[in-house]
Number of protein chains: 2
Amino acid sequence: MNIMSMSKQDIINAVKQSNITVCVIGLGRIGLPTAGAFAEAGAKVIGADIDPKIVQIVNSGQSQFRDEQGLNTLIRKVVKNGRLRATTNVSSAVAEAEVVIVCVPTPVDESKVPDYSAVKESCKEIAKGLKKGNVVIIESTVGPGTVEDLIIPLLEKETDMKAGVDFGVASCPERADPGRILENLKKVPRIVGGITQESADVAEALYEAALGVKIVKVSNPKTANAVKLTENLFRDVNIALANEFAILYEKLGIDTIEVMKACSTKYNFMPHYPGAGVGGPCLPQNPYYLIVEGVKAGNIPYLIRFAREINDRMPEHVVMLVAEALNEVGKTVRGSKIAILGAAYKPNIHDLQLTPVEKVFNRLKEMAADLAIYDPMFRGERVFGVKATESLAEAVKGADCIVIGTAHEEFHSLNLAAIDRMCRKPAALVDSRHVVDPSMVRECGFAYRGVGRP
Amino acid sequence: MNIMSMSKQDIINAVKQSNITVCVIGLGRIGLPTAGAFAEAGAKVIGADIDPKIVQIVNSGQSQFRDEQGLNTLIRKVVKNGRLRATTNVSSAVAEAEVVIVCVPTPVDESKVPDYSAVKESCKEIAKGLKKGNVVIIESTVGPGTVEDLIIPLLEKETDMKAGVDFGVASCPERADPGRILENLKKVPRIVGGITQESADVAEALYEAALGVKIVKVSNPKTANAVKLTENLFRDVNIALANEFAILYEKLGIDTIEVMKACSTKYNFMPHYPGAGVGGPCLPQNPYYLIVEGVKAGNIPYLIRFAREINDRMPEHVVMLVAEALNEVGKTVRGSKIAILGAAYKPNIHDLQLTPVEKVFNRLKEMAADLAIYDPMFRGERVFGVKATESLAEAVKGADCIVIGTAHEEFHSLNLAAIDRMCRKPAALVDSRHVVDPSMVRECGFAYRGVGRP
């Protein structure tokens, strides 16, 4: 079947009638829900992943992401009805498919250089199975130009076919928020940039059919990738700006949270809040995809680079607030029992990827604190090399200092008086996520510090 | 009458029944509409300004701001019905009033240090007329802490009265957008921070009565001033970020305007657009109010400082685009006739304050261009030391290069073919405000450059 020669309506019908086979490469937090959503819409989906454990989990009708609402139910359903199966054999999966969707990770390495090795490996495997009339869609985050200058040349070289003529290529960067992926997949418009009009049209038809979302077509893959980076860098820079305000406002005796909330009443303002830093698979890494293109072009985006630095230094600031708060009650970090509440990089998620709390933990460990971690998403699991406690009480018992690292739902209704009674008094509390009311914390007798608070 | 001892409802009634006299100091773009709005609501208003010409204009029932919709009508009405009169005698105006609202300018000087001399002079005059039970409200933009550390000590010293006891002080920073001031005054919530609860309550009652807007009370004046700066710095930094993207995307062959529009389809994105820089009375100056406090506190907000620098350098980038575009048609800046369309710092406004177009003009003049300016808001007026043309045709006739400096409404429907015919071909067009469609410009035969365009 030559999907490139099909009309939009034909493609939509083919998805509904299970006449299209889609190969999704990479069954991670984006790939698995995407595979599930395409299967649910009717497509035959083969999920390919190099990790046999993940393939096994999926084929048993389960998901490794217990924090993604509705995902387990969806995967169970589409595996049971035969629309989704998983394999470690990428090239044979591609050989069966008309559409290939690439969702492999593209991390940055220690030197902050994007590591496209998974994309490159995928391309080589795709090339082995790719047929005329197929279309390859890149969802993985890559720098603008990477599809044009790396992926396409690689596919052309390995297949001896011509992109845009023999097969289609489009970028359709994922745009979903971990924890709410399935909801986002069906709500947030998708950006599509094809190397040709036909490539873009096919991608548009497929995503409309599978997800029912609005498609925004842009000029080419590099523009689509620029959109993805621009929207995430907007967030990273604005969080850095909030952190810059926070550190200055702490010194000026002004409450940054109060300021942000008041600013929000203006029509052209969007609030961002200070905190312990920025974690997760996207925001701490995305800037470097653009920076590296800037380096090549002789035009480094310094504002973006500097913003990243501000966010990277926030864990250190939290450690200073811990030292200050403990100092206020006459204690040193050394030897104090410090209970860290929340390790995940954001609320209500079972994910530690680049969480800034790890930096706080490591630094306090270096300073010889006696550390305990409680995170409702990680009860009893190994976190930062130690076993997280099963309960809040276990972590807090005998603590000299409480550090709130993640704004998990549960922490918004902490019983501060009860926690205070369990602590070794006088005790301190440092809130890096403006979860608790400073005046209530102080009323309970804690020495209080909060990021951005006077 | 001791307004500080009145209930909220009593104050609202007193405004309606013309039983309160308000002195507004500074009859500029904010002060005059504010005076008008208070008078319209019922208050007796005395407008005080050191400039006799402005006082005369107001007393004749007119406004010097012809670009403020509805302002002339309002001022005519309230002067005619006797609710508003103007004077150059600040202290006697204060002596007649229960409420003093300070709307004097607070520019930054050449070294980027805030110049509070107008505020200080006002305080001295206020002190001569201030009585027990009065309240002083600061609308002028000042750095956080300026009300507490400069204004209040000055008023206390000069009056020998105690702020918060004998008289009230509150900050209620203006939050309106030039060109739409009257509309904003009645729609955008106001931030009020008092030195005491009573000061804040009085200010709340007054603004609610006069403007009918929501009042957001914050902890103190410095928090109110931080809110004002935070919301404007958010804009300045985000425009700088858009400019940073623009300069890099030009090199990468990506259209920044297309990117921003596509990004806008994401729920947590707010678009800002690149351009020739940032002008006006607020954005180019506001960062320095916070920076100077940062310098004092040993904590310079570098991200904000750097963003300012990016915006300040945009006119230079526009000049480079002009040189590039002329070069493409084989011409030098020297000797070329360059028609600048739009001089105002923003669309549809009769205001040149810190307009970045002036920097573009001056630089091109240094490079010996033959310059003409057309701006529909400044027909035949002196602009940057030359006489602006009466018509578009006059400016464009025989031009080698057209530069769009301001996105005035009129320029969105430019007849490019007609303009092209008037130019000395081959001609160039540089759009610093993404007003015209690049492909249409090129179709007409211009060499095209646009900020942020490939």
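Every read-out reported here was derived from the displayed coordinates using simple, explicitly stated rules and does not represent laboratory data. All values reported here derive from a predicted model rather than from experimental measurement. Don't worry about glycine lacking a Cβ; one is built from the backbone with ideal geometry, like all the others, and counts go over all protein chains shown.
Brief remarks on what is shown
- Overall, the anisotropy analysis places the stretch A:1-152 in the oblate class: the square-rooted eigenvalues a ≥ b ≥ c of its C-alpha gyration tensor yield a/c not less than 1.5, with a/b not exceeding b/c.
- Note on B:138-148: average number of Cβ atoms from other chains within 10 Å of each residue's Cβ is 1.
- Between the amide H of A:G405 and those of A:L341, A:G342, distances stay under 5 Å, these residues lying 5 or more places away or on another chain, with hydrogens modeled in the peptide plane.
- Think of the protein assembly as shown as a dipole: +1 on every Lys or Arg Cβ, -1 on every Asp or Glu Cβ, centred on the Cα centre; then among B:L321, B:V100, B:A339, B:V100 lies furthest on the positive end.
- Interchain or long-range residues, amide H under 5 Å from A:L429's placed H: A:I402, A:A447, A:Y448, A:R449
- Residue order, fewest to most beta carbons within 10 Å, for A:E156, B:E139: A:E156, B:E139
- For B:R313, inter-copy label distances in nm, listed shortest first [label point 7 Å out on the Cα-Cβ vector]: 2.0
- Proxy reagent accessibility, fewest Cβ within 10 Å first, across A:D149, B:D255: A:D149, B:D255
- Each peptide in B:97-104, A:314-321, B:284-291 receives the mean, over its residues, of other Cβ atoms within 10 Å, and ordering these scores from highest gives B:97-104, B:284-291, A:314-321.
- In this rough spin-label picture, where each label sits 7 Å from Cα along the Cβ direction, the B:K251-A:T73 distance is 5.0 nm.
- Taken about its Cα centre, chain B carries a charge dipole of roughly 540 debye when the Cβ of each Lys and Arg holds +1 and the Cβ of each Asp and Glu holds -1.
- The long axis of helix B:314-328 is offset from the longest Cα principal axis of chain B by roughly 20 degrees.
- Between the stretch A:6-85 and the stretch B:106-170, the C-alpha centres lie 66 angstrom from each other.
- Only lysines eight or more places from B:K187 in sequence, or on another chain, were considered; those with a Cα closer than 22 Å are A:K261, A:K266, B:K8, B:K16, B:K77, B:K214, B:K217, B:K228, B:K346.
- Prolate/oblate/rounded label for the stretch A:308-450 (Cα gyration tensor, a/c 1.5): rounded
- Test item: B:175-187 mean partner chain Cβ contacts at 10 Å: 1
- Label points for B:S92 are taken 7 Å from Cα along Cα→Cβ. From this copy to the others they lie 10.0 nm apart, shortest first.
- Options B:Q56, B:P284, B:S91, ranked by Cα towards positive dipole end of the protein assembly as shown, top entry (Cβ charges): B:Q56
- Average other protein chain Cβ within 10 Å of Cβ, residues B:288-295: 2
- Built amide H within the under 5 Å cut-off of B:F167, gap 5+: B:G133, B:K162
- Remark: the stretch B:204-216, residue by residue, has Karplus-estimated 3J(HN,Hα) of 4, 4, 5, 6, 5, 5, 7, 10, x, 9, 5, 10, 10 Hz, where x stands for each Gly or Pro and the curve is 6.51 cos²θ - 1.76 cosθ + 1.60 at θ = phi - 60°.
- Distance between the modelled labels on A:K296 and B:M1, one decimal in nanometres: 7.1 nm (7 Å Cα→Cβ projection).
- Over the stretch B:3-220, Cα pairs under 8 Å with separation of 6+ residues give a relative contact order of 22 percent.
- Only helices enter this figure: runs of n ≥ 4 DSSP H residues, each worth -39500 (n - 2.57), summed and divided by the residues of chain B, yield -13000 deg cm²/dmol at 222 nm to the nearest 500.
- Per the rotation superposing chains B and A, the chain B residue found at the smallest beta carbon distance from the axis is B:M270, 2, distance in Å.
- This model, with +1 at the C-beta of Lys and Arg and -1 at the C-beta of Asp and Glu, gives the protein assembly as shown a dipole about its Cα centre of some 800 debye.
- Backbone HN-Hα couplings from phi across the stretch B:2-10 [Karplus 6.51/-1.76/1.60, Hz, Gly and Pro as x]: 9, 5, 5, 9, 8, 6, 4, 5, 4
- Each copy carries a label point for A:D115 at 7 Å from Cα toward Cβ; from one copy, the others' points are 5.6 nm away, ordered from shortest.
- What the phi angles of the stretch B:79-92 give under the Karplus curve with 6.51, -1.76 and 1.60, with θ = phi - 60°, is a coupling list of 6, 4, 7, x, 7, 10, 9, 10, 8, 8, 8, 4, 5, 6 Hz, glycine and proline written as x.
- Here the dipole of the stretch A:112-218 is about 220 debye; that uses its Cα centre as origin and unit charges on the Cβ of Lys and Arg (positive) and Asp and Glu (negative).
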